[in-house]
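Take a look at the structure set out below.
The values are calculated or read from the model by the stated rules, or taken from the named source; none is laboratory data. Nothing here was measured: the structure is a model prediction, and the numbers come from that model. Quick reminder, even Gly has a Cβ in these numbers, built from the backbone with ideal geometry, and neighbours come from all protein chains shown. Protein only, heavy atoms only, side chains kept; ligands, DNA and RNA dropped before computing areas. Shrake-Rupley method; radii C 1.70, N 1.55, O 1.52, S 1.80 Å.
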Amino acid sequence: MWGGFPKKNGPCSGYLIQHEGFSLLIDCGSGILTELQNYIDLNDINHVILSHYHYDHFSDIGAYLFSRLVNTHLGRVGEELIVYGPADEDMKRQVEDVAYSRFTSFSEKSKLEIGPFTCTFMRNIHPVETYSIKIECDNKSIVFTSDTSFKHDLISFAANSDLLITECSLYEGMDGVGSGHMTSEHAGILAYQSNAKKVLLTHLPHYGDLNDLLDSAKKQGNQNIELAEPGMLIEL
């Protein structure tokens, strides 16, 4: 949940979504593989979605592909791994150069059925092609903004979500437009106007007092907001 680069014992972007034995990993940033193994055997992850190709969101995917290759040869896993991401020939080549892995692209118009989950996407404002992701299952919804500056379409995309995981890279009063990131004020506006039931502030900065982010976001009206922490477990 750290932005840009990991801290000691604090990885970047990665979220494990599980339902009835099916496990979907959203993003696979720097430090994720080490932390993830405190909660799940890597062979038990079914598939992976990458929101975009900045290192803090995908850099551990190469090591994960190699893990699946080795463990398939050892007979510990028998399912092909699908990596979903924005269309990119270089990423497709990287994934499919490793046996037992396959790349599938998505766009803003895609609707993916991945195990029990229905996944839809919205194009973000960010220097590279990046998507917010909505995961729905059994009348519950999780919305992950990934990296983006604020845009009003996010409000309808995240409307009434059971869990909103919103980036919060910048403090109130800073300008996120150029870098394609949200301030705590905008994260709070999104949390309030979308009527999200539970909100996590993530992609946090490596400077300042993080509680200032929380106070600023809550000031916008939604009080059900927390700072993300490594290893948080949330049941919906």
Report task. Please go through region 109-123 and pick out each residue that is free of Cβ contacts under 8 Å to residues at least 24 places away in the same chain and either in a loop (DSSP other than H, G, I, E, B) or surrounded by 21 or more Cβ atoms within 10 Å (Cβ to Cβ) (or both). Result -> 109, 110, 121
Requested in this report: Would you mind stating whether residue 9 is on the phi > 0 side of the Ramachandran plot and surrounded by fewer than 22 Cβ atoms within 10 Å (Cβ to Cβ)?
Outcome: yes
Report task. Report the residue count in region 47-85 for those that are farther than 16 Å from residue 11 by Cα, open to solvent by less than 50 Å² (accessible area, probe 1.4 Å) and of a type in the set (A, V, I, L, M). Result -> 8
Report task. State all residues of region 129-138 that are in contact with a His (Cβ under 9 Å, 6 or more places away or on another chain) and either at pLDDT below 95 or open to solvent by 40 Å² or more (accessible area, probe 1.4 Å) (or both); if no residue qualifies, say none. Result -> 129, 138
Query - From 179, 141, residue being part of a strand (DSSP E or B), free of Cβ contacts under 8 Å to residues at least 60 places away in the same chain, open to solvent by 10 Å² or more (accessible area, probe 1.4 Å) and small (Gly, Ala, Ser) - result: 141
Query raised in the report: Taking residue 207 and the conditions (1) of a type in the set (Phe, Trp, Tyr); (2) outside any loop (DSSP other than H, G, I, E, B); (3) within 17 Å of residue 12 (Cα to Cα), which numbered condition does it fall short on, given that it satisfies the others?
Result: (2)
Query raised in the report: Among the candidates 126, 186, which residue alone is open to solvent by 40 Å² or more (accessible area, probe 1.4 Å), touching a residue at least 24 places away in the same chain (Cβ under 8 Å) and more than 26 Å from residue 69 (Cβ to Cβ)?
Result: 186
Query raised in the report: Which members of region 205-220 meet the condition of being in contact (Cβ under 8 Å) with a residue 40 or more places away in the chain and in contact with a helix residue (DSSP H, G or I) (Cβ under 6 Å, 6 or more places away or on another chain)?
Result: 213, 216, 217
Query raised in the report: Can you spot a residue in region 103-126 that is farther than 23 Å from residue 221 by Cβ and in contact with a helix residue (DSSP H, G or I) (Cβ under 7 Å, 6 or more places away or on another chain)?
Result: yes
Requested in this report: Within region 210-231, track down each residue that is in a loop (DSSP other than H, G, I, E, B) and either in contact with a strand residue (DSSP E or B) (Cβ under 8 Å, 6 or more places away or on another chain) or of a type in the set (Ser, Thr, Tyr) (or both).
Outcome: 222, 224, 228, 230
Query raised in the report: What about residue 208, is it under 19 Å from residue 126 (Cα atoms) and open to solvent by 50 Å² or more (accessible area, probe 1.4 Å)?
Result: no
Query raised in the report: Considering region 11-34 alone, what residues qualify as being more than 15 Å from the chain's Cα centre (by Cα) and over 16 Å from residue 163 (Cβ atoms)?
Result: 20, 21, 22, 34
